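S.K.: One structure coming up, written as structure tokens, with questions to follow.
The values are calculated or read from the model by the stated rules, or taken from the named source; none is laboratory data. Owing to the predicted nature of the structure, the values given are computational and were not obtained by experimental measurement. Glycine gets a Cβ as well: all are built from the backbone with ideal geometry, and neighbour counts include every protein chain shown.
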Amino acid sequence: MDTALIDQIAQAAAAGTLPFPTIVGRLLAAGVEYYHIDYVRRLQTCYSAAGESHAVPLGFDLPAVTEDFDSPALVAAIRDSQLRDQKFPAFSLRAVRAGVQGYTAFLRGQRVVYQGRQGDQHTEWFPDAGPRP
């Protein structure tokens with residue numbers, strides 16, 4: 001896993017200079033199979049298929065995670081990122097306000113699983129992906 005490249009990607013994401021599809025492609029090229037965003041600890045941890053991990057601070061401030069999970073608000077934030085090129089810091093602010101304490105992006109699995117503080121979950125498939133029969 002290329003930790004220097006992961007650090008560069010994380011910095012660009014925090015600055016809002018890379019769209020999500022570009023981030024995914026670069027993380028895959030760096031050897032990342034999936035990553036977890038922890039909004040409570042303000043940390044992104046990347047994992048390789050070989051079991052390596054590398055943690056990077058998010059690089060921006062956020063308020064505390066809202067107690068109740070608001071799935072419609074989360075989906076609206078996701079759509080704004082997909083359709084209106086919303087930047088990662090703005091998405092993250094909306095996510096914590098919607099009660100997202102963290103999420104795991106499965107790059108090869110082409111889905112993101114969001115978790116709330118009380119165990120609520122929302123699975124979002126990458127555009128043009130979905131459950132396999």
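S.K.: Within the range 102-133, take every residue that is farther than 16 Å from T22 by Cα and of a type in the set (D, E) and give me the one that is modelled with the highest pLDDT. Walk me through how you get there before you give the answer.
M.R.: We begin by selecting, within the range 102-133, every residue farther than 16 Å from T22 by Cα; these are 102-104, 109, 113-125, 129-133.
Still in the running and of a type in the set (D, E): 120, 124.
Values: D120: 97, E124: 94.
Per the stated criteria, the residue is D120.
S.K.: Would you confirm, using the coordinates I've provided, whether A15 is under 20 Å from L93 (Cα atoms), modelled with pLDDT of 95 or more and more than 13 Å from the chain's Cα centre (by Cα)? Reasoning before the result, please.
M.R.: Values: under 20 Å from L93 (Cα atoms): yes; modelled with pLDDT of 95 or more: no; more than 13 Å from the chain's Cα centre (by Cα): yes.
When the stated conditions are applied, A15 does not pass them.
S.K.: Somewhere in the range 84-94, is a residue surrounded by 15 or more Cβ atoms within 10 Å (Cβ to Cβ), farther than 20 Å from I6 by Cβ and of a type outside the set (A, V, I, L, M, F, W, C)?
M.R.: Yes, because at least one residue in the range 84-94 is surrounded by 15 or more Cβ atoms within 10 Å (Cβ to Cβ), farther than 20 Å from I6 by Cβ and of a type outside the set (A, V, I, L, M, F, W, C).
S.K.: Let me ask something else. In this structure, does P89 turn out to be over 18 Å from G16 (Cβ atoms), at pLDDT below 95 and not in a strand (DSSP E or B)?
M.R.: Values: over 18 Å from G16 (Cβ atoms): no; at pLDDT below 95: yes; not in a strand (DSSP E or B): yes.
Against the criterion (over 18 Å from G16 (Cβ atoms), at pLDDT below 95 and not in a strand (DSSP E or B)), P89 does not qualify.
S.K.: Could you pull out the residue among L43, L28, L62 that is touching a Leu at 6+ places or on another chain (Cβ under 7 Å) and surrounded by fewer than 14 Cβ atoms within 10 Å (Cβ to Cβ)? Even if it seems obvious, please write down each step before you answer.
M.R.: Working: L43 fails: surrounded by fewer than 14 Cβ atoms within 10 Å (Cβ to Cβ); L62 fails: surrounded by fewer than 14 Cβ atoms within 10 Å (Cβ to Cβ).
When all the criteria are applied, what remains is L28.
S.K.: What number of residues within the range 101-133 are under 19 Å from Y39 (Cβ atoms) and outside any strand (DSSP E or B)? Before the answer, list the steps.
M.R.: Taking the range 101-133 as the starting set, the residues that turn out to be under 19 Å from Y39 (Cβ atoms) are 101-106, 111-124.
Okay, now just the ones that are also outside any strand (DSSP E or B), so 117-120.
Residues that pass the stated criteria total 4.
S.K.: Is at least one residue of the range 39-47 among the polar types (S, T, N, Q) and without any contact (Cβ under 8 Å) to a residue 12 or more places away in the chain? Walk me through it before giving the result.
M.R.: As a first pass, look at the range 39-47 and keep what is among the polar types (S, T, N, Q): 44-45.
Still in the running and without any contact (Cβ under 8 Å) to a residue 12 or more places away in the chain: 45.
Looking for residues that are among the polar types (S, T, N, Q) and without any contact (Cβ under 8 Å) to a residue 12 or more places away in the chain, one finds at least one in the range 39-47, hence yes.
S.K.: Right, here's the next one. Could you please give the count of residues in the range 28-80 that are hydroxyl-bearing (S, T, Y) and in contact with a Lys or Arg (Cβ under 8 Å, 6 or more places away or on another chain)? Outline the logic, then answer.
M.R.: Looking only at the range 28-80, we keep the residues that are hydroxyl-bearing (S, T, Y), and these are 34-35, 39, 45, 47-48, 53, 66, 71.
Among the residues that remain, those that are also in contact with a Lys or Arg (Cβ under 8 Å, 6 or more places away or on another chain) are: 34, 66.
Count: 2.
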